[in-house]
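To start, the structure itself, in C-alpha cells.
The values are calculated or read from the model by the stated rules, or taken from the named source; none is laboratory data. Quick caveat: nothing in here was measured; it's all calculated off a predicted structure. No Cβ is skipped: glycine too gets one built from the backbone with ideal geometry, and neighbour counts run over all protein chains shown.
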Amino acid sequence: MTLHVTFRSKRCLCAALYLVCAWGAFAPAHAALFDDDEARRQIAVEKKRVDDLAQQQQQQQQAAAARLDKIEDALKSQPVLQLFAQIEALRAELKSLRGDIEVLNNNVETSAKRQRDMYTDLDTRLRRIEQAAAAPAATPGAAPATPVSIAPAAATPAAPAVVATVAPAAVPAGTDPAEARAYEAAQAQRSSGNYKAAITAFQNFVKQYPKSSLAPRASYWIGDSYFNLRDYKLAIASQQALINAYPGSTSVSDALLNIASSQSEMGDAVASRKTLEDLIAKYPASDAADKAKRRLASPAPQAGAAAPAGAKP
C-alpha cells in the first residue's frame with residue numbers, strides 16, 4: 001500500500017508540474033499576442049494618417065494646377081501680350097524719333113550759322129568795295145581802285161567771318177604797351193572763335209582800363225561775342241551797358257546795330273526795326289547807319305549782320 005500511495009503521489013506531483021509548466025508557457029504567449037495587436041493597431045492609425053496627408057497634398061496640388069490653368073487661360077483670352085508688344089514697339093519708335101529730332105536740330109543750327117556767316121562775309125566784302133571806291137575820291141590824283149571780286153562764301157566756314165575784318169592796326173599808336181597787349185590778347189581769343197575766353201578777357205580789360213580809348217570797343221566786342229554764342233539777351237545787355245558808359249563813343253552806332261541783330265534773332269522784328277530807325281536818326285553818317293538802311297530796304301535775313309562793325313576797331 002505504501003508503494004501504491006507513493007506512486008499516486010508521484011502522479012499528482014507530475015500533473016501539478018505539468019500544469020505549472022503549461023501555465024508558464026501560456027502566459028508569455030498571451031502577452032505577446034496582446035503586444036502584436038496593439039502594434040498593428042498603431043501601424044494602421046499611422047498609415048491612415050499618412051494616407052490622409054498624401055490625399056490632402058494631392059488635392060492642394062490639383063487646386064494649384066487648376067489656378068495656374070485659369071491664369072494661363074486668362075492671359076490667352078486677353079490681348080495682354082499683344083499690348084506689351086505694342087508698347088515696346090512704341091518705345092522703339094519714340095527713341096528713333098528723338099534721334100531724328102536731334103539730327104534735325106543740329107542741321108537747323110548748322111544751316112543758320114552757315115547763313116549768318118555767308119551774309120556777314122558778303123556784307124564785309126561789300127564794305128571793302130565801298131572803301132576801295134571811296135579811296136580815289138578822298139585822295140585827288142590817286143590811281144583808280146582795283147576792282148575787288150566777290151567770291152562765293154565757303155559752305156562750311158572754319159571760323160567766324162569777323163576774323164578777316166580785324167586788322168592788326170586796331171590798337172592806336174601811342175597806346176600803353178601793357179594795355180595794347182591785353183587788348184590784342186582778347187582780340188586773339190575772339191578771332192580764334194573762343195568767345196567765352198574773349199568775353200572774360202575783354203571784361204578784364206574794361207575793368208582794368210576803364211578810361212582807355214579802347215574800352216568802348218572792348219565793351220562792344222563783349223556784346224558781339226555773346227551774339228556769336230547766341231546768348232542774345234546778354235548781347236543786348238552788354239551793348240546797352242556800352243551805350244550807357246560811353247554815350248559819346250563812335251562804337252555806340254555799332255552797338256545799336258548789334259542790338260537790332262539780336263532782337264531779330266529773338267524773333268522781335270518790330271523792336272529790331274525800331275532800333276534800326278533810331279540808329280539812322282541818331283547817327284546818319286555812320287557806317288552802321290548805312291548797314292541799317294540796307295537792312296530796312298532789303299528782305300534779306302538780318303541775322304549776324306552786326307559782326308562787320310568790327311571792321312572799325
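Quick notes
- Residue match in the stretch 228-236 (condition: assigned to a helix (DSSP H, G or I), touching an Asp or Glu at 6+ places or on another chain (Cβ under 6 Å) and of a type in the set (Phe, Trp, Tyr)): yes
Okay, residues lined up against (1) crowded, with 21+ Cβ neighbours inside 10 Å; (2) polar (S, T, N, Q); (3) in contact with a strand residue (DSSP E or B) (Cβ under 6 Å, 6 or more places away or on another chain):
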position: Arg181; (1), (2), (3): no, no, no
position: Glu184; (1), (2), (3): no, no, no
position: Gln187; (1), (2), (3): yes, yes, no
position: Lys196; (1), (2), (3): no, no, no
position: Tyr232; (1), (2), (3): yes, no, no
position: Ser238; (1), (2), (3): yes, yes, no
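- Screening Lys211 with (1) at pLDDT 75 or above; (2) assigned to a helix (DSSP H, G or I); (3) not hydrophobic (A, V, I, L, M, F, W, C) gives one miss only, at (2).
- The conditions of being part of a helix (DSSP H, G or I) and buried (at least 17 other Cβ atoms within 10 Å of the Cβ) are met by Ser261.
- Put simply, of Ala182, Ala188 the only residue that is assigned to a helix (DSSP H, G or I), at pLDDT 90 or above and either basic (Lys, Arg) or under 28 Å from Gln115 (Cα atoms) (or both) is Ala188.
- Candidates Ala22, Ala89, filtered to the one that is at pLDDT 80 or above, aliphatic (A, V, I, L, M) and either closer than 30 Å to Arg230 by Cα or surrounded by 10 or more Cβ atoms within 10 Å (Cβ to Cβ) (or both): Ala89
- Residues of the stretch 237-258 that are in a loop (DSSP other than H, G, I, E, B) and either in contact with a Leu (Cβ under 8 Å, 6 or more places away or on another chain) or among the aliphatic types (A, V, I, L, M) (or both): Ser249 alone.
- Entry remark, the stretch 59-111: residues being over 21 Å from the mean Cα position of the chain (by Cα) and assigned to a helix (DSSP H, G or I) number 31 in total.
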